[in-house]
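Trainee: Sharing a structure with you now.
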Amino acid sequence: MKVTVISVGKVKESHYANLLESYGRILERRIPFQAIEVADEKAPENLSEAQKGQVKEREGERILQQVRKEMTLVVLAIEGREWDTPKLERQMRTWADQGKPHVAFVIGGSLGVSEKVLARGDLLLSFSKMTFPHQLMKVLLMEQLARVSPTCGRHGC
């Protein structure tokens, strides 16, 4: 099984970037892994609800351009299911046992993800009802994936 993390925006803060690099190295040793960053939409602070929707739609289009048909898509969303770490580990093993070739996790931009991305998701997953900066959310996701990802043998996962 291959795992991809698709996220909006570049991580600029060095402390986050260092953690992501570290977790990425761990993941790459265990499973086929890649991280994809799509451009965030530049927008002023005081957006109307309609403008916020447009920003999410444009970012959502960029996300969906990276999604492949064979991917099981897990969208991080505040309204998603809340799992503990053992549940995520069990689900990752279940997907591997079911022969799911590719699991992708999506982290939206600062305004969240578009309705189209939510609709395409096979699973909506929430780490908390609290709101986190999307750069920190990426660190939290990568840490959890490093924690639960099985080590692949020479025959793959």
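The values are calculated or read from the model by the stated rules, or taken from the named source; none is laboratory data. Because the structure is predicted, anything quoted here is derived from the model rather than measured. All Cβ positions, glycine included, derive from the backbone under ideal geometry; neighbour counts span all protein chains shown.
Trainee: If you scan segment 35-52, which residues turn out to be out of contact with any helix residue (DSSP H, G or I) (no Cβ under 7 Å at 6 or more places or on another chain) and modelled with pLDDT of 95 or more?
Mentor: Scanning segment 35-52 gives a single hit, Glu37.
Trainee: Further question on the same structure: So is Arg58 touching a residue at least 12 places away in the same chain (Cβ under 8 Å), under 18 Å from Lys10 (Cα atoms) and not hydrophobic (A, V, I, L, M, F, W, C) or not?
Mentor: Yes: the conditions hold for Arg58.
Yes/no matrix, rows are residues, columns are (1) basic (Lys, Arg); (2) under 17 Å from Val3 (Cα atoms):
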site	(1), (2)
Leu88	no, yes
Gln91	no, yes
Trp95	no, yes
Lys100	yes, yes
Val103	no, yes
Val106	no, yes
Gly112	no, no
Val117	no, no
Leu124	no, yes
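Trainee: In addition: Six or more apart or on different chains, Cβ atoms under 6 Å: show the pairs whose first residue is in segment 118-134 and under 16 Å from His102 (Cα atoms) and whose second is modelled with pLDDT of 95 or more.
Mentor: Partner pairs satisfying both residue conditions: Arg120/Leu73; Gly121/Leu73; Gly121/Val75; Asp122/Thr72; Asp122/Leu73; Leu123/Val74.
Trainee: Let me ask something additional. Does Glu89 count as out of contact with any strand residue (DSSP E or B) (no Cβ under 8 Å at 6 or more places or on another chain) and either at negative phi or of a type outside the set (Phe, Trp, Tyr) (or both)?
Mentor: Yes, satisfied.
Trainee: Same structure again: Which condition does Glu70 not pass, out of (1) touching a residue at least 60 places away in the same chain (Cβ under 8 Å); (2) within 19 Å of Gln34 (Cβ to Cβ), if it passes all the others?
Mentor: Here Glu70 clears every test but (1).
Trainee: Whether any residue in segment 48-60 is more than 20 Å from Ser114 (Cβ to Cβ) and surrounded by fewer than 18 Cβ atoms within 10 Å (Cβ to Cβ) is what I want to check.
Mentor: From segment 48-60, those more than 20 Å from Ser114 (Cβ to Cβ) are none; that's our starting set.
No, segment 48-60 contains no residue that is more than 20 Å from Ser114 (Cβ to Cβ) and surrounded by fewer than 18 Cβ atoms within 10 Å (Cβ to Cβ).
Trainee: In addition: Of everything in segment 7-23 that's under 15 Å from the mean Cα position of the chain (by Cα) and not hydrophobic (A, V, I, L, M, F, W, C), which residue is farthest from Glu59 (Cα to Cα)?
Mentor: Checking each candidate, the answer is Tyr23.
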